[in-house]
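The structure appears right after this line, and notes come after that.
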Amino acid sequence: VMTQTILKGAVVWLSPGMDDDSFEFFFVHEGELEIVDDTTTTIIGPGDSFFAQNIKQNIKIHCLKNTLMLYISNCVAYDDVYYWEQNLQDLINRINEKDHYTKGHSHRVLGYAVKMREKLEEKCTWMTYDDFVIACLFHDVGKCNVPSEILLKPARLTNDEYNVIKKHPLDSYRILEPVFGESIASLARMHHERLDGRGYPYGLKAEDIPMEARILMAADAFDAMTSKRPCNFARTYDSAAEELVTMTTQYDPLVTKVLLDLVNSGEITLDEDNIGRKIA
């Protein structure tokens, strides 16, 4: 039995469990939630409750207001939640201490990737939403091992310096694997691969790259193109998405088409983290 707080704007998921007998019950003390499954959307508020047992697919929950809930489960959950949150906070602190851009970049990439996955969910069979979110958020944590004089260099990198940068996906894997497991670490390691096999660190080709990684690759490139960094000005969202659509040897055309559609529809827009950037 625990209380849990979810902040306004957050998106969480109830995922199928390993044990068919597992049971989770939620009672809302304060706030408002929107629960979305394949056929219905339900709004619940103070005094409402819901439960999950033997579910077969992900159920998405949008937090419409800051929400305080009572959580009851027949699973051993407290230690897992407590240490999981502590590990996340430790990694966030490491990223922020090294490079404030990387922290903002990771949060933006996560937002773009989640929106794209929602449109491509039927093709995402490799990992759960929860694991996908963690991998996207911490894909660049390996940059903690890159010397600051290289990571923050205002001029173009030399070949040797670029080779140092290219090690960060492997370092992300080494940092994440002991904490979060193989699949999360592997997805983070793949975010600079390319469909044509000319990416790094392993030069994987299309058939070796799962859809979840293809989404992360495109989201990462999109944010790099639209963010002001030491060596380049930011591109507009529409021009960056349109260019990614043409880069069919590097990025999955299905993924980049979804990205362009999200930009054109206004579902991906310039957020507060990006206000004030210089747009080229």
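The values are calculated or read from the model by the stated rules, or taken from the named source; none is laboratory data. Every value quoted in this text rests on a predicted model; they were computed, and no experiment measured them. With ideal geometry, Cβ positions are generated from the backbone for all residues, glycine too; neighbour counts draw on all protein chains shown. Just the protein is used for accessible areas: all its heavy atoms, side chains included, with ligands, DNA and RNA removed. Shrake-Rupley method; radii C 1.70, N 1.55, O 1.52, S 1.80 Å.
Within the range 227-241, can one find any residue that is in contact with a His (Cβ under 8 Å, 6 or more places away or on another chain), open to solvent by less than 20 Å² (accessible area, probe 1.4 Å) and closer than 22 Å to LEU260 by Cβ?
There is at least one residue in the range 227-241 that is in contact with a His (Cβ under 8 Å, 6 or more places away or on another chain), open to solvent by less than 20 Å² (accessible area, probe 1.4 Å) and closer than 22 Å to LEU260 by Cβ.
On the basis of being part of a loop (DSSP other than H, G, I, E, B) and either closer than 23 Å to VAL133 by Cβ or touching a Lys or Arg at 6+ places or on another chain (Cβ under 9 Å) (or both), does GLN4 make the cut?
no
Within the range 123-239, considering only helices (runs of 4 or more DSSP H) that don't extend past its boundaries, which have at least 1 residues that are in contact (Cβ under 8 Å) with a residue 24 or more places away in the chain?
Because the criterion is at least 1 residues that are in contact (Cβ under 8 Å) with a residue 24 or more places away in the chain, the helices (runs of 4 or more DSSP H) in the range 123-239 that meet it are 129-137, 148-151, 168-180, 182-189, 211-226.
Does GLY181 meet the test of being open to solvent by less than 40 Å² (accessible area, probe 1.4 Å), modelled with pLDDT under 95 and on the phi > 0 side of the Ramachandran plot?
When the stated conditions are applied, GLY181 passes them.
Need the failing condition index for ASP208 against (1) modelled with pLDDT of 95 or more; (2) over 19 Å from VAL133 (Cβ atoms); (3) open to solvent by less than 70 Å² (accessible area, probe 1.4 Å), just the number.
(3)
Looking at the range 27-36, which of its residues are open to solvent by 60 Å² or more (accessible area, probe 1.4 Å) and under 18 Å from GLY9 (Cα atoms)?
HIS29, GLU30
Do we have any residue at all in the range 179-200 that's among the hydroxyl-bearing types (Ser, Thr, Tyr) and farther than 26 Å from PHE233 by Cβ?
yes
Is it the case that ARG189 is in contact with a His (Cβ under 9 Å, 6 or more places away or on another chain), within 22 Å of ALA113 (Cα to Cα) and open to solvent by 30 Å² or more (accessible area, probe 1.4 Å)?
The answer is yes for ARG189.
Just name the residue that is farthest from HIS192 (Cα to Cα) out of those in the range 144-172 that are at pLDDT 90 or above and basic (Lys, Arg).
LYS167
Considering only residues that are closer than 12 Å to ASP220 by Cβ and of a type outside the set (Gly, Ala, Ser), which ones fall in the range 107-136?
Answer for the range 107-136, where residues must be closer than 12 Å to ASP220 by Cβ and of a type outside the set (Gly, Ala, Ser): ARG108, VAL109, LEU110, TYR112, MET116, CYS136.
Exactly one of these conditions fails for CYS63: (1) modelled with pLDDT under 75; (2) hydrophobic (A, V, I, L, M, F, W, C); (3) touching a Lys or Arg at 6+ places or on another chain (Cβ under 9 Å). Give me its number.
(1)
I'm trying to understand the selection: among the residues of the range 141-158, which are small (Gly, Ala, Ser) and more than 22 Å from the chain's Cα centre (by Cα)?
If the condition is that a residue be small (Gly, Ala, Ser) and more than 22 Å from the chain's Cα centre (by Cα), then SER148, ALA155 are the ones that fit.
Is the range 73-82 home to any residue that is out of contact with any Gly (no Cβ under 9 Å at 6 or more places or on another chain) and modelled with pLDDT of 75 or more?
yes
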